[in-house]
Amino acid sequence: MSANEKGLGFLQRHLQLAGASSDPAKEVRGELDSEEESCPAFGFLRGIKDRALAVEFRLRNGNSEWYPYAWLGPWQHNPSVGLLLKFSGDVITLVLIRGSNLDAIVPGRGVNLTDRGFQRHRVTWVREMEEEELQKTGDKGPTIDCIEIGEFESQDEVREWVKTHAPGFIRRPVKGD
């Protein structure tokens, strides 16, 4: 056995005794994994200054869609309707997130979907929850009942979709005197 092999064996034994992995790459992967936390409705970056590059929308049917935060434009929260996010890329994409307590802070974590989540680009994924999970969460935290996604090439198409799917977000023109 060479001196290098003896040294490696010694190091591995002491790392294991100290509770560390004998695979340094595994340690790094574990450290990266711990940068993200989640609640049943969404995942988020732990660091208050951390920023995600994209957000994933996980649909109940097993499909997922990702959108870069660089495409996120204006978004609105109306507690009686949900969150309406507008992504502008090759086409305009609207994402309507319906649920309850969407602006509630996740207990002990200091984050929510609105001003401490999407506004700070900390949300990494949002998912439609199963009925049992919705009931289990109840009023304790945010729930996601439904995520609706629409793609449009014109503002007229956007307005029609919002009128149909989320009329609570339509702004009525103010008539002057």
Under 6 Å by Cβ, and 6 or more places apart or on different chains, what pairs join a residue from the range 142-168 that is within 18 Å of N63 (Cβ to Cβ) with one that is at pLDDT 95 or above and among the polar types (S, T, N, Q)? E151/T93
So, in the range 41-86, of the ones that are modelled with pLDDT under 95 and among the β-branched types (V, I, T), which residue ends up nearest to V106 (Cα to Cα)? I48
For residues that are at pLDDT 90 or above and either in contact with a Gly (Cβ under 6 Å, 6 or more places away or on another chain) or surrounded by 21 or more Cβ atoms within 10 Å (Cβ to Cβ) (or both), tally how many sit in the range 105-127. 10
Just the residues that are buried (at least 19 other Cβ atoms within 10 Å of the Cβ) and not hydroxyl-bearing (S, T, Y), please, taken from the range 128-137. E128, M129
Report, ordered by the first and then the second residue, all pairs with beta carbons closer than 9 Å, sequence separation of six or more or different chains, a first member in the range 83-99 that is more than 10 Å from F152 (Cα to Cα), and a second member that is surrounded by 21 or more Cβ atoms within 10 Å (Cβ to Cβ) and among the small types (G, A, S). L83/G99; L96/G82; I97/G82; R98/G82; G99/A41; G99/G82
Scan the range 38-74 for residues that are surrounded by fewer than 17 Cβ atoms within 10 Å (Cβ to Cβ) and part of a strand (DSSP E or B) and jot them down. S38, A54, E56, S64, E65, W66, P68, G73, P74
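The values are calculated or read from the model by the stated rules, or taken from the named source; none is laboratory data. Predicted model only: the values in this text are computed from it and were never measured. Reconstructed Cβ throughout: ideal geometry from the backbone, glycine too, with neighbour counts over all protein chains shown.
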